[in-house]
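Please read the structure below before turning to the comments.
The values are calculated or read from the model by the stated rules, or taken from the named source; none is laboratory data. Computed from a predicted structure; not experimentally measured. Cβ coordinates were reconstructed from backbone atoms using ideal geometry, including for glycine residues, and neighbour counts include every protein chain displayed. With ligands, DNA and RNA removed, areas are computed over all heavy atoms of the protein, side chains included. Shrake-Rupley method; radii C 1.70, N 1.55, O 1.52, S 1.80 Å.
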Amino acid sequence: MAASEAREAIEDRPGERLMTSVANPMSPSPDPRFDCIARLAAQLFAASQAAVVLIKADEALIKACSGVNAADWTQAGALTQCLLAQAKGSAFFAPDLRREKALAEISAATLAGLRFCAMVPLTGSAGEILGALLVADTKAHKTPDAGQRAALRDLATLAGAELRRDAEAAASRREHVFDLERQNLAFEAAHLAAYEWDIASGTFLLSDNLRKMLGVDADYLPADVDQGLGGMVHPDDRDTIFPAVRDGLARNGRYTVEHRLVRPSDQAVLWVSSVGVMVREGEDDPGHVIGVIQDITARRIADEQRETLVAELDHRVKNVLAAVQSMAAQSARKASSLEGFLKTFTGRLKSMASAHQLLTATRWRGAGMRNLAAAELGGIAPGQTRWEGPDLILAPRAANAMSLALHELATNAVKFGALSVDAGRVDVRWRGTPDGGLELRWTEHDGPPVSTPTRRGFGATLLEKVTGRELDGEVSVEHRREGVSAVIKVGASAVALAPAIPMEAKPAEAAAPAEPQAPRQARIDGLKVLIVEDALLLALELEAGLEEAGAVIAGSAADVDEALGMVDRPIDAAVLDANLNGASVLPVAEALAARGIPFVFATGYGENRIDLNRFDAPVIRKPYDVTQVASALAEVTGRA
């Protein structure tokens, strides 16, 4: 194969250029085959002129002409159309046109002084008229004999066969063009390029896409490491890739490898996947490799980012578990009763979850002070708390610490301070400091007289030591008689830049302070409840807690199919985990809604992850306690 032919065989050529290369068999372009047919037809009758005329729609085109230039016989097309109409698609022979009364209506301009005429239609594969082979002379002739008529029909049959062959070839070429274009589109969409590797000469023939990928202009590149394609393979990959290619070709005549290429023009590193197959034309032929190469850089970057994210997630989960474990242990040491421990620990856990939700909304790039304050104070003693300050952004660790600090201060205010009476007030104000940090002041007033605590609880330790360290600052609390005041100083390193992602998530509801509550405040005695929860421990806790509150567990399901199999049981209400092992609980919610059974959603997802708003059902954010679920069930069943 010549170089130009090989290049064309694998080159990614634009569709327009390809389409123009497909010849139209019905075009009037010169063709020596039809010139020869017209010349033989004229000689057959010793006539002055002959033409192959093509009919396309209502237009007649002269494909070939003999004895006269096509430009000088412009009436040939009109005459052919008239004769075809007169003969009704059959052959027509007229020794002298002047004696043909049936042609009296043909104008003199169309006849152009012609006397003799013979015409045989050209037909397609389905019998359709493609045109005619026309013979004419300015002199009258004797009536053509049978041999002449048959010979003209044979020439017309030959011309028709050539036209059909051209049409079939054009259709085949057109389909080939479409195949190439489909291939090119697939190559471009998949970031693929083609190449041929001539083993004997040690050269690579590159397609257009591959030249673009590699940033080179040459059609050919040597295979060697010094100046060729081998030199573009990343140095760290050569010791494994080159042997893998050789071994694959030797073993089964093919190879598949992934490696890095260094583009010479800009030294960019590309990850590619290359697949090659050996082709030999004989036993003595060293062969050549036909291959494709795919740019997988984006995929490898995504894989690396995913691995990084998984490692970071693992790290954060372990940190969260360690923090929860430590907080549980410290809360237990300072608690005077199991009930007090559970309420204190649950409140602190909810505070952490609130900060986590805010951080998730910005993909862990930070949380705003206004959202943190609203999350911790918004649901506590409405009208008695006020917060104000610029919406400075805290880094993730600092946001968690600030959330816990506000929670501890709010809990103490509800139990012992200004928020323990209706007239009490809490003012929270913060401002940026000149060094890039933040200073927050917590002030309580109009509450009961305050005295210095006689014992030091974990909350005080959490505030002054842990929180201060996480905020790269310090926390000071003063128990003045007129009310508790606190100053939280945040270092510049704990203040982050505004996240690139808008913080659209609503702040989570404030964690309920550790305040004693009347048992079974929610009236759910005898309520038949279906629990749909894939986490076994949570499901067991819900069952035990709701049974203690007086409910009857009608069933417990861990997946969608199991839950759908229970919706026809006698059920008064249901608790639905929004996500069941990756599957949405919405089909269960729809089935319950269709039966008029109220339900409550319990989820750890933010509002942007799953659409629960189309149902008139409360949404409880994890982590939660059973009293929240019981209250929500009482509300949806009209028992609140």
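Return the total of residues in region 47-79 being open to solvent by 50 Å² or more (accessible area, probe 1.4 Å) and without any contact (Cβ under 8 Å) to a residue 24 or more places away in the chain.
7
Go through (1) surrounded by fewer than 19 Cβ atoms within 10 Å (Cβ to Cβ); (2) modelled with pLDDT under 90; (3) out of contact with any Lys or Arg (no Cβ under 9 Å at 6 or more places or on another chain) for PRO499 and report which single condition fails.
Looking at each condition in turn, PRO499 falls short on (3).
Using the structure shown, decide if MET278 is out of contact with any Gly (no Cβ under 9 Å at 6 or more places or on another chain) and over 30 Å from SER125 (Cβ atoms).
So MET278 does not fit the description; no.
If you scan region 149-186, which residues turn out to be within 14 Å of ARG33 (Cα to Cα) and among the small types (Gly, Ala, Ser)?
The first filter runs over region 149-186 and keeps only residues within 14 Å of ARG33 (Cα to Cα), leaving 155-166.
Within region 149-186, ALA156, ALA159, GLY160, ALA161 meet the criteria.
Just checking, how many residues over region 399-448 are assigned to a strand (DSSP E or B) and among the β-branched types (Val, Ile, Thr)?
Residues flagged as assigned to a strand (DSSP E or B) and among the β-branched types (Val, Ile, Thr) within region 399-448 amount to 3.
In this structure, does ARG238 turn out to be basic (Lys, Arg), in contact with a helix residue (DSSP H, G or I) (Cβ under 9 Å, 6 or more places away or on another chain), open to solvent by 30 Å² or more (accessible area, probe 1.4 Å) and under 22 Å from ALA194 (Cβ atoms)?
no
Only one of these is touching a residue at least 40 places away in the same chain (Cβ under 8 Å) and either open to solvent by less than 10 Å² (accessible area, probe 1.4 Å) or in contact with a helix residue (DSSP H, G or I) (Cβ under 7 Å, 6 or more places away or on another chain) (or both): VAL120, VAL216, VAL135. Name it.
Answer to the selection: VAL135.
Out of LEU394, LEU419, I need the residue that is closer than 23 Å to LYS489 by Cβ and touching a residue at least 24 places away in the same chain (Cβ under 8 Å). Which one?
Answer to the check: LEU394.
Among the residues of region 198-213, what is the count of those that are open to solvent by 50 Å² or more (accessible area, probe 1.4 Å) and either small (Gly, Ala, Ser) or closer than 20 Å to VAL262 by Cα (or both)?
3
Could you list all residues from region 375-393 that are open to solvent by 50 Å² or more (accessible area, probe 1.4 Å) and modelled with pLDDT under 80?
Residues satisfying the conditions are GLY379, PRO382.
Output the residue which, of all residues in region 523-543 that are out of contact with any strand residue (DSSP E or B) (no Cβ under 9 Å at 6 or more places or on another chain) and of a type outside the set (D, E, K, R), is surrounded by the most Cβ atoms within 10 Å (Cβ to Cβ).
LEU536
Select from region 250-283 the residues that are surrounded by 11 or more Cβ atoms within 10 Å (Cβ to Cβ), assigned to a loop (DSSP other than H, G, I, E, B) and at negative phi and write down the one among them that is farthest from the chain's Cα centre (by Cα).
Checking each candidate, the answer is ARG280.
When you go through ASP472, ASP446 one by one, which is the residue that is at pLDDT below 95, open to solvent by 50 Å² or more (accessible area, probe 1.4 Å), touching a strand residue (DSSP E or B) at 6+ places or on another chain (Cβ under 6 Å) and on the phi > 0 side of the Ramachandran plot?
Of ASP472, ASP446, the one residue that is at pLDDT below 95, open to solvent by 50 Å² or more (accessible area, probe 1.4 Å), touching a strand residue (DSSP E or B) at 6+ places or on another chain (Cβ under 6 Å) and on the phi > 0 side of the Ramachandran plot is ASP446.
Check off (1) surrounded by fewer than 16 Cβ atoms within 10 Å (Cβ to Cβ); (2) over 55 Å from the mean Cα position of the chain (by Cα) for GLN148 and give me the number that stays unchecked.
If we test GLN148 against (1) surrounded by fewer than 16 Cβ atoms within 10 Å (Cβ to Cβ); (2) over 55 Å from the mean Cα position of the chain (by Cα), just (1) comes out false.
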